[in-house]
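Structure, as structure tokens:
The values are calculated or read from the model by the stated rules, or taken from the named source; none is laboratory data. If you're wondering where the values come from, they're calculated on a predicted model, not measured in any experiment. As a convention, Cβ positions derive from the backbone with ideal geometry for all residues, glycine included, and neighbour counts pool all protein chains shown. Only protein heavy atoms, including side chains, enter the accessible area calculation; ligands, DNA and RNA are left aside. Shrake-Rupley method; radii C 1.70, N 1.55, O 1.52, S 1.80 Å.
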Amino acid sequence: MAYPIIYAKPELQELCEKQAAARKALGDAGAKKLRRRVKELQISPNTVELRKGPGDWHPIPHDWPGCVGGELAGAATIIARPIEVEGKPGWRVECLGNCYKH
């Protein structure tokens, strides 16, 4: 089952769905990892299952309460929040890139 993903901004959706845009913004390695992180979100119903996977997903309690972050390349991260979409588990991508408020 694929879990739905929604995006906080249209730019985030473009980066996640268009490989050329991701490569331009994150480089080849970052784009490849982004594709993997998005796939991990699609197959994980919640943060517990997501954190069992290979993406080094981790909670971000101070900067992004309720969210988890997955590493991409360098300082780049994908930040996602678990949500409910039409009564089913899903994800909302909140940020891509250098997302920390420090």
- prompt: So, by mean Cβ neighbours within 10 angstrom, what's the order for 77-84, 6-13 with the highest one leading?
  reply: 77-84, 6-13
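Determine the calculated [θ] at 222 nm for the chain from helices alone, applying -39500 (n - 2.57) to every DSSP H run no shorter than 4 residues and normalising by the residue count; nearest 500 deg cm²/dmol. Intermediate results must be reported in sequence, preceding the final value.
Working: 3 runs with 39 residues, N = 102.
One gets -12000 deg cm²/dmol as the mean residue ellipticity at 222 nm.
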- request: Return a whole-number percent for the relative contact order of region 5-102, with Cα pairs under 8 Å and 6 or more residues apart as the contact set.
  value: 27 percent
- prompt: Could you give me the ³J(HN,Hα) list for region 85-90, computed from phi with Karplus coefficients 6.51, -1.76, 1.60 and θ = phi - 60°, whole Hz, x at Gly and Pro?
  reply: 10, 6, x, 10, x, x
- request: Evaluate the distance, in nm, between pseudo-label points positioned 7 Å from the Cα of residue 63 and of residue 21 along their respective Cα→Cβ axes.
  value: 2.2 nm
field: Translational diffusion of region 1-51, µm² s⁻¹ [Kirkwood Rh, Cα pairs; Stokes-Einstein; 4 °C; 1.567 mPa s]
entry: 113 µm²/s
- line: The long-range amide H neighbours of residue 67, using H built 1.01 Å from N in the peptide plane and a cut-off of under 5 Å, are 60
- prompt: Hey, got a sec? Which trypsin sites (Lys or Arg not before Pro) in the chain land in a DSSP loop and have at most 13 other Cβ atoms within 10 Å?
  reply: 18, 101
task: Would you mind telling me the share, in percent, of accessible area of the chain contributed by carbon and sulfur at probe 1.4 angstrom?
output: 51 percent
- prompt: With each label point set 7 Å from Cα along the Cα-Cβ vector, what nm distance links residue 100 and residue 29?
  reply: 1.8 nm
query: If you wrap the chain's Cα atoms in a convex hull and average its projection over all directions, what's the area in nm²?
result: 6.2 nm²
statement: Packing-ranked peptide list from 40-50, 56-66, highest mean Cβ count within 10 angstrom first, is 40-50, 56-66
